[in-house]
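The values are calculated or read from the model by the stated rules, or taken from the named source; none is laboratory data. Remember, predicted model here, so these are calculated numbers, not experimental data. Because the Cβ atoms are built from the backbone with ideal geometry, glycine has one as well, and the counts that use them run over all protein chains shown.
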Amino acid sequence: MTVSVSMTNISKNFDAVRALQDVHIDLFPGEVHTVAGENGSGKSTLLKILAGVIKQDEGQILMDGTQVNFQGVRDSMAYGITMVSQELSLVPHLSVAENVFLGHNQTRNKLGIDWKDTDKRAVEFLKRLNLEVNPRAEVSTLPQHHQQMVEIARAIASNTKVLLLDEPTSSLAPKEVESLFAVVRQLRDEGVAVVMISHRMSEMLDISDRFTVLRDSKFIDTSTRAGVDENWLIDRMVLNKPKKAIHSTEELLKTEVVLEVKGMTDLFGAFQDVSFSLHKGEIVGLAGLAGAGRTELVEAIVGLHPRKAGDVIVEGVIVSHSTRATMNAGVVLVPDDRRAKSTIRDMSIRDNLLLSIHGRPQKQRSRRKEEKIVDEWVSKFKIKMSNPYAPISSLSGGNQQKVVIARCLETNPKVLILDEATRGIDLGAKAEIYQILRDLASKGLAILVVSSELSEIFEISDRVLVMHAGDLTANLARKDISESDVVSAATGVRT
Amino acid sequence: MKRVFKLPSLSSMPPWFGLLVLEVVLIIGMSIIQPAFISSSNLSNIIRSAAIPIVLGIGMTFTILTAGIDLSVGSALAFTGILLSGFITHMPRFAAVLLTVIIVTAVVGGINGILIGKIGLNSFVITLGTLGIFRGISYLVTNGTTRTIDTGTLINTLGDGNWGPIPGPAVVVIVVALLSVWALRSTYFGRDVYAVGGNEFAARLAGVFTSRVKLTVYFISAALAALAGIMQVGRLQSAAPTAGAGIELTVVAGVLLGGTRLSGGVGSITGTVIGLLFLQTVSNSLTIQGVSSYWQQVVTGVLLGAAVLFDRIQVSYASRRKYREESNVTKE
């Protein structure tokens, strides 16, 4: 039995942030439907609503023409909807078989769960996906692409009719993508309606039968495969085309080196022997897949993450491995996770902004001076807020990030490192942040931008570094970079 | 690089294995130093005094596996005794025991379970609250005095007596432990307990009623605390409002020592039983050697710190090795 799904007029807000506005999408059995759009355009939210993880504020979901009302995941599962989420949703310390049958699909006999049969059935499901692993192995010991197959096996085991894949390929190498797609095609031919989110053009065009494009939380366009090519997608996904770099690379390499990183090796093995340098006034993109070790690397540079070997040299002076010392030397980091690493949720905007100057001598910190600092940054960065004493969590993601950047800049840094700085931020604020970074670079600040979004890397970088599995695999000048070069360096393909 | 041979690695052993070795070494060592240690009366003494913490520890394992905690077990134990002392004069003993256990389970488990499981409040705060409430009620009802109870054979056997050649409390522990091992291993509920503690979002996405699972573990913990309360009455032939004061911390220590992680998702009943048995053996050994009971608390603290440190070292070693193996795979 197959089902078709129709979602109409879906809207969703998270506090002050608009995630979806009047979006509609139709899913048909036996089709792969790609939802395209930049990060923060609302794709994941749309899938989560269909999976029953969150509830829409407005709009209807129709299954085969009858309206349904999902109160939770169980309701949507009852209709055969399963989701493979972006962040792997496995229980790390349970076995492979158990993760396949999580949610009560294990075989039972008179004495409870029959593990022998459960393991046997798990192996059968995994074989259909061409994966041969020990069903008793702890799932966290599997490589990531195998873990993902385990999640898909779970969907098949629960007899899925509508399969939602949220960025299934984001951490896979090309060969692994191929085997995933073979499985997706097989399911499609069996009549499953597959919905996929992907950021890679070639993959979308390769597998999809239908496209829907979202931009800035709104529905833009939908079409069958026939009318779609790369330009069609880009025209609809991106508002403004990438700009030319401000400086030519040759010009930049002549300027002095501000930051030199030499032979950095992680204590826990997330990266090894990474060396590179940043020049004054240069914006360098650091690309790579999730888990390539980029976050660990930049955190190790500023002294947050333990390292086994390596030196951080600022203007010729070796900096000791401590956050305080690195900050005093002029290197600051905007971390990747606003909620967990950079904002203190219940503290005011003002206090969040001033956090970095708490170490200053008391006499430099009069209330009037502090107020002046806050006012300056608020007007300079156009931070939209009711008043500086409101908690930072009342701001939209983009404005929160501006506060964090302002906090970093208040230390008068020479090098600014941003880790996934525009994740979950709407397009308008993104463009503003890019403009801020360009202005800063033109005043001589060296900037390192870590990003998983190729469009962001291309938009802003003068030079691109690429990491794969803890190694620095490419160092490309602006004029030489192409999407395929970066992707192959990021996935470890030797050219 | 290929490894030609492989020693069985430490990390492939269950986490309680090292503790079991220590326990055996301790028993052998003590029986050499102090022959009185190995006497049957001393061994049965160890078992009798370990039984109540183990029963509580099994309940605690359920709550900690879901990444929660139940600090109210000690007061629930005292409350049980007080309640029983009231009922027992009005009805047959068996009925009194049954009614007491049902009331304690429903009231203590209900408050903890609904507030933590259904409403989603913090388990530490809520059970710290119920710890105070039921301890306080026990004092209020008795005015701080200890009540002697004519227990009869049933209650006495559970807490102190013998069942054939085996100490009664040991029988209780064995039955409760086997049932719990089975529940955690072979029922949907048991696997859900691990899933909720290991990755609550994943469990929810797979259709597990996470709130119901959390609610249930607090009922289990309260029911076992009530059982421990009955055992305590059987052991002391009385009910005191001070009974089991502070025992929750010993119990948590034993559970963690046995390899259950405070962050949830990892742990076992076997580990808990060994952990608490080990703590009891240590304290018995120190007593028999004439070491002050104050030192026992110091030793418990040191052991706990050492166990957590050892676990951490093992985990980071395993994750480093895993990373190396993984990157070898992708670089092929």
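Structure summary
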{"quantity": "Hey, B:Ala253 hydrophobic (A, V, I, L, M, F, W, C) and within 25 Å of B:Ile102 (Cα to Cα) or not", "calculated": "no"}
{"quantity": "Selected residue (criterion: modelled with the lowest pLDDT) from residues of the stretch B:106-164 that are among the basic types (Lys, Arg) and in a helix (DSSP H, G or I)", "calculated": "B:Lys118"}
{"quantity": "Test: A:Ser223 is free of Cβ contacts under 8 Å to residues at least 40 places away in the same chain, hydroxyl-bearing (Ser, Thr, Tyr), touching a Phe, Trp or Tyr at 6+ places or on another chain (Cβ under 7 Å) and in the same structural domain as A:Asp22 (by TED's automatic domain parsing)", "calculated": "yes"}
{"quantity": "The lone exception for A:Ile357 - which of (1) modelled with pLDDT of 90 or more; (2) closer than 24 Å to A:Leu445 by Cα; (3) of a type in the set (A, V, I, L, M, F, W, C) it fails", "calculated": "(1)"}
{"quantity": "From the options A:Val195, A:Val162, residue that is within 20 Å of the chain's Cα centre (by Cα), surrounded by 22 or more Cβ atoms within 10 Å (Cβ to Cβ) and either basic (Lys, Arg) or closer than 24 Å to B:Phe201 by Cα (or both)", "calculated": "A:Val195"}
{"quantity": "Pick from the stretch A:22-43, criterion of a type outside the set (Asp, Glu) and modelled with pLDDT under 90, ranking: surrounded by the fewest Cβ atoms within 10 Å (Cβ to Cβ)", "calculated": "A:Asn39"}
{"quantity": "Qualifying residue in the stretch A:124-143 (condition: touching a His at 6+ places or on another chain (Cβ under 7 Å), within 12 Å of chain B (Cβ to nearest Cβ) and over 30 Å from A:Asn13 (Cβ atoms))", "calculated": "yes"}
{"quantity": "Flag if B:Ile47 is at pLDDT 90 or above, closer than 24 Å to B:Thr157 by Cα and hydrophobic (A, V, I, L, M, F, W, C)", "calculated": "yes"}
{"quantity": "Strands (runs of 3 or more DSSP E) completely within the stretch A:263-340 that count 3 or more residues being surrounded by 16 or more Cβ atoms within 10 Å (Cβ to Cβ)", "calculated": "A:274-279, A:283-288, A:307-314, A:331-334"}
{"quantity": "Search result, residues across the stretch A:468-491 that are in a loop (DSSP other than H, G, I, E, B) and either surrounded by fewer than 19 Cβ atoms within 10 Å (Cβ to Cβ) or among the polar types (S, T, N, Q) (or both)", "calculated": "A:Ser482, A:Thr491"}
{"quantity": "Restricting the stretch B:34-86 to residues that are part of a loop (DSSP other than H, G, I, E, B) and within 13 Å of the chain's Cα centre (by Cα), the residue that is surrounded by the most Cβ atoms within 10 Å (Cβ to Cβ)", "calculated": "B:Asp70"}
{"quantity": "Of all residues making up the stretch A:130-155, the number that are over 26 Å from the mean Cα position of the chain (by Cα) and closer than 16 Å to A:Pro168 by Cα", "calculated": "0"}
{"quantity": "Looking only at the stretch B:256-298, and only at residues there that are within 14 Å of another protein chain (Cβ to nearest Cβ) and β-branched (Val, Ile, Thr), the one that is surrounded by the fewest Cβ atoms within 10 Å (Cβ to Cβ)", "calculated": "B:Val266"}
{"quantity": "Per-region count, the stretch B:177-195, residues in contact (Cβ under 8 Å) with a residue 40 or more places away in the chain and either out of contact with any helix residue (DSSP H, G or I) (no Cβ under 7 Å at 6 or more places or on another chain) or away from chain A (no Cβ under 13 Å) (or both)", "calculated": "1"}
{"quantity": "Residues located in the stretch B:196-226, provided they are among the polar types (S, T, N, Q), in a helix (DSSP H, G or I) and either facing chain A (nearest Cβ under 7 Å) or surrounded by fewer than 24 Cβ atoms within 10 Å (Cβ to Cβ) (or both)", "calculated": "B:Thr210, B:Ser211, B:Thr216"}
{"quantity": "Count of residues meeting criterion [modelled with pLDDT under 85, more than 25 Å from A:Val5 (Cα to Cα) and of a type in the set (D, E, K, R)] in the stretch A:72-117", "calculated": "2"}
{"quantity": "Test set (1) farther than 16 Å from A:Ser451 by Cα; (2) hydrophobic (A, V, I, L, M, F, W, C); (3) crowded, with 22+ Cβ neighbours inside 10 Å - A:Val378 fails condition number", "calculated": "(3)"}
{"quantity": "Residues that are buried (at least 19 other Cβ atoms within 10 Å of the Cβ) and either within 14 Å of another protein chain (Cβ to nearest Cβ) or assigned to a helix (DSSP H, G or I) (or both), drawn from the stretch B:165-176", "calculated": "B:Gly168, B:Pro169, B:Val172, B:Val173, B:Val176"}
{"quantity": "Subset of the stretch A:364-402 [in a helix (DSSP H, G or I) and among the small types (Gly, Ala, Ser)]", "calculated": "A:Ser379, A:Ser393, A:Ser394, A:Gly397, A:Gly398"}
{"quantity": "Helices (runs of 4 or more DSSP H) wholly inside the stretch A:39-109 containing at least 2 residues that are more than 14 Å from chain B (Cβ to nearest Cβ)", "calculated": "A:43-50"}
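Quick grid of which residues meet (1) within 14 Å of chain A (Cβ to nearest Cβ); (2) under 30 Å from B:Thr89 (Cβ atoms); (3) of a type outside the set (Gly, Ala, Ser):
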| residue | (1), (2), (3) |
| --- | --- |
| B:Gly246 | no, yes, no |
| B:Gly254 | no, no, no |
| B:Thr300 | no, no, yes |
| B:Ala307 | no, no, no |
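One line per residue, one yes/no per condition, for (1) surrounded by 18 or more Cβ atoms within 10 Å (Cβ to Cβ); (2) outside any loop (DSSP other than H, G, I, E, B); (3) not assigned by TED's automatic domain parsing to the domain that holds A:Ser76:
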{"position": "A:Asn130", "(1), (2), (3)": "no, no, no"}
{"position": "A:Gln148", "(1), (2), (3)": "yes, yes, no"}
{"position": "A:Ala155", "(1), (2), (3)": "yes, yes, no"}
{"position": "A:Lys175", "(1), (2), (3)": "no, yes, no"}
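Residues are listed down the side, and each one gets a yes or a no for (1) closer than 21 Å to A:Leu278 by Cβ; (2) buried (at least 22 other Cβ atoms within 10 Å of the Cβ); (3) touching a residue at least 60 places away in the same chain (Cβ under 8 Å); (4) among the acidic types (Asp, Glu):
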residue: A:Ile392; (1), (2), (3), (4): no, yes, no, no
residue: A:Leu437; (1), (2), (3), (4): yes, no, yes, no
residue: A:Leu440; (1), (2), (3), (4): yes, no, no, no
residue: A:Val466; (1), (2), (3), (4): yes, yes, yes, no
